[in-house]
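First the structure, in the form of structure tokens, and then the observations on it.
The values are calculated or read from the model by the stated rules, or taken from the named source; none is laboratory data. Everything numeric here is computed off the predicted structure, so don't read it as measured data. As a convention, Cβ positions derive from the backbone with ideal geometry for all residues, glycine included, and neighbour counts pool all protein chains shown. Ligands, DNA and RNA are stripped out before the accessible areas are found, and what is left, the full protein with its side chains, is counted by its heavy atoms. Shrake-Rupley method; radii C 1.70, N 1.55, O 1.52, S 1.80 Å.
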Amino acid sequence: MANTASDQAFVAFERVQKSYDGETLVVKDLNLSMPRGEFLTMLGPSGSGKTTCLMMLAGFETATHGDIRLDGVSINNIPPHKRGIGMVFQNYALFPHMTVAENLSFPLEVRKIGKAEREEKVMRALGMVQMQDFAGRRPAQLSGGQQQRIALSRALVFEPELVLMDEPLGALDKQLRETLQFEITKLAHELGITTVYVTHDQTEALTMSDRVAVFDDGRIQQLDPPDTLYEEPQNSFVAQFIGENNTLMGKVTKISGDRCEVTLDSGDIIDAKPVNVSEVGQRTRVSIRPERVEMDKTRLLPDVHSLKAEVLEFIYMGDIFRTRLRVAGNEDFVIKTRNAPDQVRLTPGTQIDIGWLPQDCRALDA
Amino acid sequence: MSEAMMAADGTPLKRSLARALRRQKLRALGLIAPLLVFVVITFIVPIGSMLFRSVENDIVSNTLPMTVQSLARWDASSGALPDEAVYEAMYFDMFLAAEAKRHTRLGTRLNYEQTGLSSLFRQSGRALDDIGKETQRPLEKLNKAWKDGETWHMLFNATSSADTNAALLSAQRARIARLTDTPANQEVNFAPSTAATALLPKTGRAYTAWAVYVATQDGRDPATRDPWEAVATALALDLKTVDVSGYSGPGAELLVEAQSADLPVPALSAAFADMDEDWATDVPWKTIQTHSGIYTSGYFLNAVDAQKTPDGVAWQPDDKQILQKLFGRTIWMSLMITFSCIALGYPIAWLLANLPMRKANLLLILVLLPFWTSLLVRTSAWKVMLQQQGVINDVLVWIGLVDDANRLIMINNQFGTIVAMTHILLPFMILPMYSVMQTIPPSYLRAAKSLGATNWTAFWRVYFPQSVPGIGAGSILVFILAIGYYITPEIVGGTKGVFISNRIAYHISSSLNWGLAAALGSILLAAVLVLYWAYDKIVGIDNVKLG
């Protein structure tokens, strides 16, 4: 799916660049292609260019260079209202002077659809989000979650093939956000619409998407399905940005195939999987997930190195234990262990040995 | 719920809540008290007392109290003139008023209702003395004692405190006080005798009035001064109707002598007709009778080109009807100004709300710039711009759009007023619109476009309805300011472009008809309040946002 050629893609960015001031590029050479029906999330810190990309797709910003295609047609010169793209905004953007039904009816009215058909479509769209009973209300009379449901159904009521969502759940509380995440993905898949979803919340990106594009510094750093993204980050930015992560700095001292030996700055030697390093002597940042660190020596391969660690802090978090360690001079090394009956609860000051499977430890760019 | 909730100390919750709230309210009141007092003293009281003049009319009954009383019995529609008693009352009222120099003020007041009365009253005031002289001279010829003020004083001064007619004295004090608008409570060296004033009621009253007047207004001793001619007239009138032969008070023999001499009595109706023939018509009498009430609707009727007549309310003659037209013009021009301000201000407000902060601030300063320039300067600038030899005409002639012989007339008419006032009131429209537009997020327009609306549809269906509260606030502000505007129409309005406020100013400072000015002002105030109320009903004042 990821490698579909751009001429078959439904949405395609080709060498797109965007600059606001003529001096700095906000989006640098963006290439992206999406097949029909995909749920793609643009994830990144603020200022990474993800929202700009979305706005270029919607037509509210023009690309400084490059081509954006929708279903094979270049849309660079098509004004937003002719693109037929549904859009959900962060602040919902429901028209406050219209009722819910009038809000939904608006895109149908401007498309000159007859009254009877309009009413039917409005009720159907409201039905999709279980909001039929609220047709006569004003947006101000609805809660945030209800407003977002209405905004969603308004973006869908004219049956667009592509829907863009710009941090739609940003203003909602956690529980409501989780409910709506589920509803949105379910709807998107049921209706078979293609969705581009922008968020800075990595959990949201991982749980909802078919693929996630991680943005930083105007570029896509990695574009992969959520599991690949989490388990196989391609560079240290992605590794840091997605999920929790322990990093250690060092130098490659031995490399062979999918295994290498890294001498840390403290002098300790560890085993890792070379990802962004290719030769001996390169500086590297090794990255290991807290839940992949092993304290039980018996579960490690016999030929791997282990490290001495001192327990600094033990935090009980219910389902898991979180233990902060000093490892090779790094005092923020965290391990997570499942709250199982036989799990030891480490007390601060304890000296332990830790290790990991070499493939779980990724040697990335420094 | 059946039992009242109690606070922790056992008092009913409602009462302790009310006490807590009252303390808060008192504190709030204390904070605004200085402003409240200031506003009441400098704004509400003066305006209230000014507006009260629109119905106040006690000048007629204060100046001519006896005339008003006796005229009440006269049937104006009978066609006959009032009887002798009315002329008599008028003579004494007018004599006193003329001495106090108040008759001209009354003449001015009645002249608003009936032209000619002002000069009638002024002339009559001068001529009244002659009537009295006709009776005074024969009396003095009969006995020199009548020339002496002490004689009169002896005749009417009470011999004992039991003889004092205190009611008459205080009544005359009150009358003089009302007439002259000054308190007449100084010491008077005279106490009317009950016996003498009962015998000679008219003379007693006239003498007492005179005595009180000279003592309180001139500060003289009535015992040594000669009374007015009117007192002699009153004596002649009394001697014709009463028999003094049985009288035994001081000076009784003088009275008997005077009665037996059969002094001439002036026929007052004829004497008035002699002074001015208008007194022999029912015109002044009808006017006085119609406007004798303490309160009048006359000014308000005048303000709408109507008039109070003995036969009810009637329209003014066509050539005097200007105020209705002026009211209509004021409202029409204010509407024109309001619409011009909306048309010119809306795009600017939109620009202000959508430009980046720095540029918007610069533009805002440009919008506010006129506020830092004197109103008079701006208005005068328009005079320079718009006149026939002015900048705009010169430019138009120079580029050949207008022929030199047919320069455009753009000032001293409605066009000039509308242009200048639109310019002056524009910021009042822009600022509320701007503050409303600022709160409309740009995402609404984006949402509308993403839903398929063209730029125009998105603006008209989504943006414009949300900016209406700003238009409403600006319109109320501009319209209310415009409807009462004075300086600009005065300078650039000529005769055709002036407002009702210019007419009010005219009546305040030139014609001095303050009652009419107050009535016009009250109507203007009421019109604004009605508009405000209507706006509240239709749009809702809660929707008005000023920032």
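Within region B:93-124, being in a loop (DSSP other than H, G, I, E, B), farther than 11 Å from residue B:179 by Cβ and open to solvent by less than 20 Å² (accessible area, probe 1.4 Å) holds for one residue alone: B:113. Restricting attention to region B:112-144 and to residues that are of a type in the set (Ser, Thr, Tyr) and closer than 21 Å to residue B:269 by Cβ, the residue that is nearest to the chain's Cα centre (by Cα) turns out to be B:119. Where helices (runs of 4 or more DSSP H) fall wholly inside region A:46-128, the ranges with 3 or more residues that are surrounded by 14 or more Cβ atoms within 10 Å (Cβ to Cβ), within 14 Å of chain B (Cβ to nearest Cβ) and not hydrophobic (A, V, I, L, M, F, W, C) are A:100-110. Is there a residue in region B:471-486 that is part of a helix (DSSP H, G or I), within 14 Å of another protein chain (Cβ to nearest Cβ), at pLDDT 90 or above and buried (at least 21 other Cβ atoms within 10 Å of the Cβ)? Among the residues of region B:471-486, at least one is part of a helix (DSSP H, G or I), within 14 Å of another protein chain (Cβ to nearest Cβ), at pLDDT 90 or above and buried (at least 21 other Cβ atoms within 10 Å of the Cβ), which makes the answer yes. The residue that is surrounded by the fewest Cβ atoms within 10 Å (Cβ to Cβ), counting only those in region B:337-380 that are without any contact (Cβ under 8 Å) to a residue 60 or more places away in the chain and among the small types (Gly, Ala, Ser), is B:374. Pairs linking a residue in region B:173-184 that is in the same structural domain as residue B:215 (by TED's automatic domain parsing) to a residue that is open to solvent by 60 Å² or more (accessible area, probe 1.4 Å) and part of a loop (DSSP other than H, G, I, E, B), with Cβ atoms under 7 Å and 6 or more positions apart or on different chains, are B:173/B:185; B:177/B:183. Among the numbered conditions (1) surrounded by fewer than 17 Cβ atoms within 10 Å (Cβ to Cβ); (2) at pLDDT 90 or above; (3) out of contact with any Lys or Arg (no Cβ under 8 Å at 6 or more places or on another chain), the only one that residue A:184 does not meet is (1). If you go through region A:144-179 and keep only what is among the aliphatic types (A, V, I, L, M) and surrounded by 19 or more Cβ atoms within 10 Å (Cβ to Cβ), you end up with A:150, A:151, A:152, A:155, A:156, A:157, A:162, A:163, A:164, A:165, A:169. Among the residues in region A:261-277, are any of a type in the set (D, E, K, R), under 22 Å from residue A:232 (Cα atoms) and open to solvent by 30 Å² or more (accessible area, probe 1.4 Å)? Scanning region A:261-277, I find at least one residue that is of a type in the set (D, E, K, R), under 22 Å from residue A:232 (Cα atoms) and open to solvent by 30 Å² or more (accessible area, probe 1.4 Å), so the answer is yes. Restricting attention to region B:460-470, the residues being open to solvent by less than 50 Å² (accessible area, probe 1.4 Å) and out of contact with any Ser or Thr (no Cβ under 8 Å at 6 or more places or on another chain) number 6. In this structure, does residue A:306 turn out to be among the hydroxyl-bearing types (Ser, Thr, Tyr), surrounded by 14 or more Cβ atoms within 10 Å (Cβ to Cβ) and under 12 Å from residue A:361 (Cα atoms)? Here the answer is no, as residue A:306 does not meet what is asked.
Inspect all residues belonging to region A:42-52 and state whether any of them is charged (D, E, K, R) and farther than 30 Å from residue A:243 by Cβ. Checking region A:42-52: not a single residue is charged (D, E, K, R) and farther than 30 Å from residue A:243 by Cβ.
Assigned to a loop (DSSP other than H, G, I, E, B), within 23 Å of residue B:161 (Cβ to Cβ) and under 39 Å from the mean Cα position of the chain (by Cα), is that true of residue B:222? In short, yes. Filter region B:206-243 for residues that are free of Cβ contacts under 8 Å to residues at least 60 places away in the same chain and either open to solvent by 20 Å² or more (accessible area, probe 1.4 Å) or more than 22 Å from residue B:63 (Cα to Cα) (or both) and give the result. B:218, B:219, B:220, B:221, B:238, B:239, B:240, B:241, B:242, B:243 - these are the residues of region B:206-243 that are free of Cβ contacts under 8 Å to residues at least 60 places away in the same chain and either open to solvent by 20 Å² or more (accessible area, probe 1.4 Å) or more than 22 Å from residue B:63 (Cα to Cα) (or both). The C-beta contact set for region A:351-366 (first residue closer than 15 Å to residue A:250 by Cα and in a strand (DSSP E or B), second residue of a type in the set (D, E, K, R) and at pLDDT 85 or above, distance under 6 angstrom, 6+ apart or interchain) comprises A:362/A:273; A:364/A:285. Just to be sure before I move on: is residue B:457 within 14 Å of chain A (Cβ to nearest Cβ), open to solvent by 30 Å² or more (accessible area, probe 1.4 Å) and within 30 Å of residue A:162 (Cβ to Cβ) in the structure I sent? Here the answer is yes, as residue B:457 does meet what is asked.
Taken together, B:211, B:215 contain a single residue that is under 13 Å from residue B:155 (Cβ atoms) and of a type in the set (A, V, I, L, M), which is B:211. Scoring residue B:430 on the criteria (1) away from chain A (no Cβ under 14 Å); (2) farther than 20 Å from residue B:343 by Cα; (3) crowded, with 20+ Cβ neighbours inside 10 Å leaves a single failure, condition (2).
The residues on offer are A:135, A:155, A:171, and the sole one that is at pLDDT 90 or above and more than 30 Å from residue A:31 (Cβ to Cβ) is A:135. Would you call residue B:155 farther than 19 Å from residue B:215 by Cα and among the aliphatic types (A, V, I, L, M)? For residue B:155, the condition - farther than 19 Å from residue B:215 by Cα and among the aliphatic types (A, V, I, L, M) - is not met.
Cβ-Cβ distances below 7 Å connect the following pairs, each with a first residue in region A:154-175 that is within 11 Å of chain B (Cβ to nearest Cβ) and part of a strand (DSSP E or B), a second residue that is open to solvent by 10 Å² or more (accessible area, probe 1.4 Å) and among the polar types (S, T, N, Q), and a separation of six or more residues or different chains: A:166/A:51; A:166/A:90. Looking across B:436, B:384, B:367, B:391, one residue alone is within 30 Å of residue B:484 (Cβ to Cβ) and within 14 Å of chain A (Cβ to nearest Cβ). It is B:436.
Take the residues in region B:440-454 that are open to solvent by less than 30 Å² (accessible area, probe 1.4 Å) and in a helix (DSSP H, G or I); name whichever of them is farthest from the other protein chains (Cβ to nearest Cβ). So the residue we want is B:448. Between B:162, B:127, B:174, B:196, the distinction of being open to solvent by 50 Å² or more (accessible area, probe 1.4 Å) and in a helix (DSSP H, G or I) belongs to B:162 only. Residues in region B:288-331 that are open to solvent by less than 50 Å² (accessible area, probe 1.4 Å) and polar (S, T, N, Q): B:289, B:290, B:292, B:296, B:302, B:307, B:309, B:316, B:330.
Go through region B:163-176 and report how many residues are in contact with a Ser or Thr (Cβ under 8 Å, 6 or more places away or on another chain) and not acidic (Asp, Glu). So the count comes out to 7.
Could you tell me which of the residues B:421, B:437 is surrounded by 15 or more Cβ atoms within 10 Å (Cβ to Cβ) and within 30 Å of residue B:328 (Cα to Cα)? Being surrounded by 15 or more Cβ atoms within 10 Å (Cβ to Cβ) and within 30 Å of residue B:328 (Cα to Cα) holds for just one of B:421, B:437, which is B:421.
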